[in-house]
Amino acid sequence: MTIPALRAIIFDFNGVIADDEPIHFLAFQQALAEDGLALTKEEYYGIYLGMDERTCAGALLEATRGQHDPARVQWIAERKAALFASLTETRKPPLFPRVVEFVMRASARYRLAIASGGRRQQIEFALHGTPIEKAFAVLVSAEDAAIGKPDPAIYHLALARLNEAPPRPIPAIQATECLVIEDSLAGIQSARSAKMKVVALATTYPPDQLAAAHLVLPSLEHVSLDSLESLFKD
């Protein structure tokens, strides 16, 4: 039996599946303001987007005040999560157009995972009741990875869990057989450091800022699986 060159697709979530990056920014901005810190849209999108709450808060504290304060970082992260929950309580973050169709097609051919700096509850809430709620064999969230993006740990963990999830793939899936779909600069760096191919979606950044990815697309609309497999051909 011939083993296909592409065997798994690992999705980032915010900005790839769910159209919720602006809501995350507003929640972070308010949480930081309550702690006396300012965060502009330009700073968030230019530096911090793609990081999980702890990594973002910690980096911002060190950049602005030269502080390493785990307790304060934890407070900011928890407050941001509470604000995000409040902002989405009556209106669930929408999924991007055609994402459901793409994921359904991909799930028939590959093993799928989510590897996100978002919280598990936020991801499960956004997926609940959708046709792709059960499409992913693995969900790795901020709670699972000790270090967030741009470190590759979250993608290493997603691959390890894909190989553990029943039915176990034989032979085990390798990093070079995985495709990551991302929207952030930190996410692209994370996936490439994990030795995985990366498709970047220009849903958050303009295409010219995503050149580090192997392929840049405007969205998942009208994307064929065969075109993605071509990235794995020598």
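Quick notes
- Selection status of Glu221, modelled with pLDDT of 95 or more and among the acidic types (Asp, Glu): no
- Within the stretch 184-213, restricting attention to residues that are closer than 17 Å to Ile114 by Cβ, part of a loop (DSSP other than H, G, I, E, B) and of a type in the set (Gly, Ala, Ser), the residue that is nearest to the chain's Cα centre (by Cα) is Ser184.
- Residue within the stretch 92-107 that is free of Cβ contacts under 8 Å to residues at least 24 places away in the same chain, in the same structural domain as Ile154 (by TED's automatic domain parsing) and on the phi < 0 side of the Ramachandran plot present: yes
- Counted residues, the stretch 121-130 - those being part of a loop (DSSP other than H, G, I, E, B) and either surrounded by 13 or more Cβ atoms within 10 Å (Cβ to Cβ) or among the acidic types (Asp, Glu) (or both): 1
- Sole residue being outside any loop (DSSP other than H, G, I, E, B), among the aliphatic types (A, V, I, L, M) and out of contact with any Asp or Glu (no Cβ under 6 Å at 6 or more places or on another chain), chosen from Val223, Val216: Val216
- With respect to (1) over 23 Å from Glu124 (Cα atoms); (2) at pLDDT 95 or above, the lone exception for Leu162 is condition (1).
- Residue match in the stretch 136-147 (condition: touching a residue at least 60 places away in the same chain (Cβ under 8 Å), among the polar types (S, T, N, Q), surrounded by 16 or more Cβ atoms within 10 Å (Cβ to Cβ) and in contact with a strand residue (DSSP E or B) (Cβ under 9 Å, 6 or more places away or on another chain)): no
- For the stretch 52-66, a residue qualifies if it is closer than 17 Å to Ala33 by Cβ and more than 24 Å from the chain's Cα centre (by Cα), and the qualifying residues are Thr64, Arg65.
- Within the stretch 153-183, the residues that satisfy the criterion of being in contact with a strand residue (DSSP E or B) (Cβ under 8 Å, 6 or more places away or on another chain) and of a type in the set (Asp, Glu) are Glu177, Glu182, Asp183.
- From Leu49, Leu26, Leu83, Leu32, residue being closer than 24 Å to Leu210 by Cβ and crowded, with 19+ Cβ neighbours inside 10 Å: Leu49
- One residue stands out among those in the stretch 52-77 that are surrounded by 14 or more Cβ atoms within 10 Å (Cβ to Cβ) and charged (D, E, K, R): the one that is farthest from Thr130 (Cα to Cα), which is Asp69.
The values are calculated or read from the model by the stated rules, or taken from the named source; none is laboratory data. What you see is a predicted model; the values in this text were computed from it and never measured. All Cβ positions, glycine included, derive from the backbone under ideal geometry; neighbour counts span all protein chains shown.
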